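Below is one structure, written out as structure tokens; the observations come after it.
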Amino acid sequence: PSTLFPTSNSPVCTGQTLTLFITSITSASYNWGGPNTFTSTTQNPTIGNIQLAGAGVYTITATVPGCASSGTGTVSVVVNPTPAAPVAGNNGPICEGNNLNLTANGTGTSYSWTGPNTFTSSTQNPSISGVTAANAGVYSVTTTDNGCTSAAGTTTVTITPLPVVNAGPDQ
């Protein structure tokens, strides 16, 4: 082989698995090299739990027995940082009928909330008006940046029921 055209599943996020690919060549042996002292003799190697130091150019050489020359190729790999879990909060405890305000402090460019009573939102700091007991519970939020999604931050919401007022017969 004279020129090789390797590929990868780049871009990947920190903590994910990077896979390098090269088309199979009959009877060839492979030699990969790359950032962070990476080496492999596997045709399609993987690097689990990739970190930012794994970004850069990977080189492959394939050698076929009996051939005078080897083929070489390169592939550039991008590793994006996974955002930290956002810090989630709320304005509770609150009484039924009031507004629930959720907050998320994070470094991502988009947010995704889930919670009780089929609640979902893509707003960083959503509000729910006129809450009931069904809105009490744990709310989770993740943040995403460059295709990388954080672990969830959570906040527990407490809803205080309104007192029941019984009017007596004399009222």
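Annotations for the structure displayed:
- Exposure rank, largest accessible area first [S27, S40; 1.4 Å]: S27, S40
- Estimated at 0.36 nm per residue, the fully extended path between T74 and T154 surpasses their Cα-Cα distance by 24.5 nm.
- Centroid-to-centroid, using Cα positions, the stretch 54-81 and the stretch 92-114 are 47 Å apart.
- Relative pair counts by distance (%), Cα atoms of the chain, 10 Å bins: 10, 26, 17, 14, 13, 10, 6, 3, 1, 1, 0
- Carbon and sulfur %, accessible surface of the stretch 1-95 computed with the full protein complex present, 1.4 Å: 54
- Isolated Cys in the chain, by beta carbon distance under 4.7 Å: C67, C95
- A 1.4 Å probe run over the protein chains yields, for the chain, 55 Å² of accessible area per residue, whole-number rounding.
The values are calculated or read from the model by the stated rules, or taken from the named source; none is laboratory data. As the structure is a computational prediction, the values presented were derived from the model and not from experiment. Every residue, glycine as well, gets a Cβ built from its backbone with ideal geometry; the counts of neighbours run over all protein chains shown. In case anyone asks, the SASA skips ligands and DNA or RNA and just uses the protein heavy atoms, side chains included. Shrake-Rupley method; radii C 1.70, N 1.55, O 1.52, S 1.80 Å.
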